[in-house]
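Engineer: Sharing a structure with you now.
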Amino acid sequence: MNRTDIEGVLPHRDPFLFLDEIVELEPGKRVVARKKVTGQEDFFRGHFPGYPIFPGVLLLEAMAQAGAVAMLALPENQGKLGFLAGVDNARFRRKVFPGDTIELSVSIEKFKMGFGVGVGTASVDGEVAVQATIKFALGESSHAQ
């Protein structure tokens, strides 16, 4: 899947879509995605001037977005939204810099009654940047205003 295909599954758009391509997908089970870090992303203006590092919390968000693609690719989940419900056991092991390509791998471990758990890894050149357990909920995309 390319970026346009991803936008057909996820509601996220620039500057908050952190996936460029899906390279492996087993709907409801697992996904492998990539994000090329260009250095032009807006958050680098403040994180950190003179020493740009991809924010750890955004690595977790990218992992959650990848997991959402795995779940929302199921026909019964199309049109729903994936909501981040929690992060457990996050371990940051490597900084991510402009020029890096992040590979995001998420396996869905549990899903029941709209709630689930995925185990994910973000890595660069085979070196783990972060590992975490992502908890999520799937819900309807409409809301009252």
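The values are calculated or read from the model by the stated rules, or taken from the named source; none is laboratory data. Model, not experiment: these values are computed from the prediction. Here the Cβ positions follow ideal geometry from the backbone for every residue, glycine too, while neighbour counts run over all protein chains shown. The accessibility values were calculated without ligands, DNA or RNA, using every heavy atom of the protein model including side chains. Shrake-Rupley method; radii C 1.70, N 1.55, O 1.52, S 1.80 Å.
Engineer: Return the carbon/sulfur percentage of the accessible area of the chain, one whole number, probe 1.4 Å, all protein chains in place.
Structural biologist: Ligands and nucleic acids excluded, carbon and sulfur give 51 percent.
Engineer: Here's something else I'd like to know. So who's got an amide H within less than 5 Å of the one on Leu74, skipping anything under 5 residues away but keeping other chains? H placed 1.01 Å off N, in plane.
Structural biologist: Amide H to amide H, under 5 Å and 5 or more residues apart or across chains, Leu74 pairs with Gly28.
Engineer: Taking only protein heavy atoms and a 1.4 Å probe, what accessible area per residue, in Å², does the chain have with all protein chains in place?
Structural biologist: It amounts to 55 Å² per residue over the chain.
Engineer: Here is a further query. Would you kindly state how much longer the chain becomes between Phe16 and Arg93 on full extension, computed as 0.36 nm times their sequence separation minus their alpha carbon distance, in nm to one decimal?
Structural biologist: Extra length available between Phe16 and Arg93 comes to 25.4 nm.
Engineer: For a quick check: with amide H placed at 1.01 Å from N, whose amide H comes under 5 Å from Val96's, ignoring anything fewer than 5 positions away on the same chain?
Structural biologist: Phe54
Engineer: So, counting K/R as plus one and D/E as minus one, what does the shell of residues with Cβ under 12 Å around Glu109 add up to?
Structural biologist: +4
Engineer: Another question, then. So how tilted is helix 56-72 from the main axis of the chain? Cα-based, degrees 0 to 90, rounded to 10.
Structural biologist: So the helix axis and the longest Cα principal axis differ by about 30 degrees.
Engineer: Identify which of the listed values of Kirkwood radius over Cα pairs in Å was calculated from the structure shown: [x] 15.3; [y] 16.3; [z] 22.4.
Structural biologist: Comparing each candidate, only [x] matches the computed number.
Engineer: Here's a follow-up. Quick one: check the C-alpha center-to-center distance for the range 1-19 versus the range 76-145, whole angstrom.
Structural biologist: 14 Å
Engineer: With a 1.4 Å probe and all protein chains in place, put Arg34, Arg13 in order of accessible area, largest first.
Structural biologist: The ranking, largest first, comes out as Arg13, Arg34.
Engineer: Further, regarding this structure: Only Cα pairs under 8 Å and at least 6 apart count here; give the relative contact order of the range 4-114 as a rounded whole percent.
Structural biologist: The normalised contact order for the range 4-114 reaches 37 percent.
Engineer: Can you spot the lysines whose alpha carbon is less than 26 Å from Lys110's alpha carbon? Ignore those fewer than 8 places along the same chain.
Structural biologist: Within the straight-line limit of under 26 Å, Lys110 reaches these lysines: Lys29, Lys35, Lys80, Lys135.
Engineer: Given labels modelled 7 Å from the Cα in the Cβ direction, how far is it in nm from Phe43 to Ser107?
Structural biologist: The two pseudo-label positions are separated by 2.6 nm.
Engineer: Okay, next question. Give, as a single signed number, the net charge of other residues whose beta carbon lies under 15 Å from the beta carbon of Gly28, with Lys and Arg counted +1 and Asp and Glu -1.
Structural biologist: +1
Engineer: Let me ask something else. Go through Leu138, Leu104 and list them by solvent-accessible area, largest first, probe radius 1.4 Å.
Structural biologist: Listed by decreasing accessible area, they come as Leu138, Leu104.
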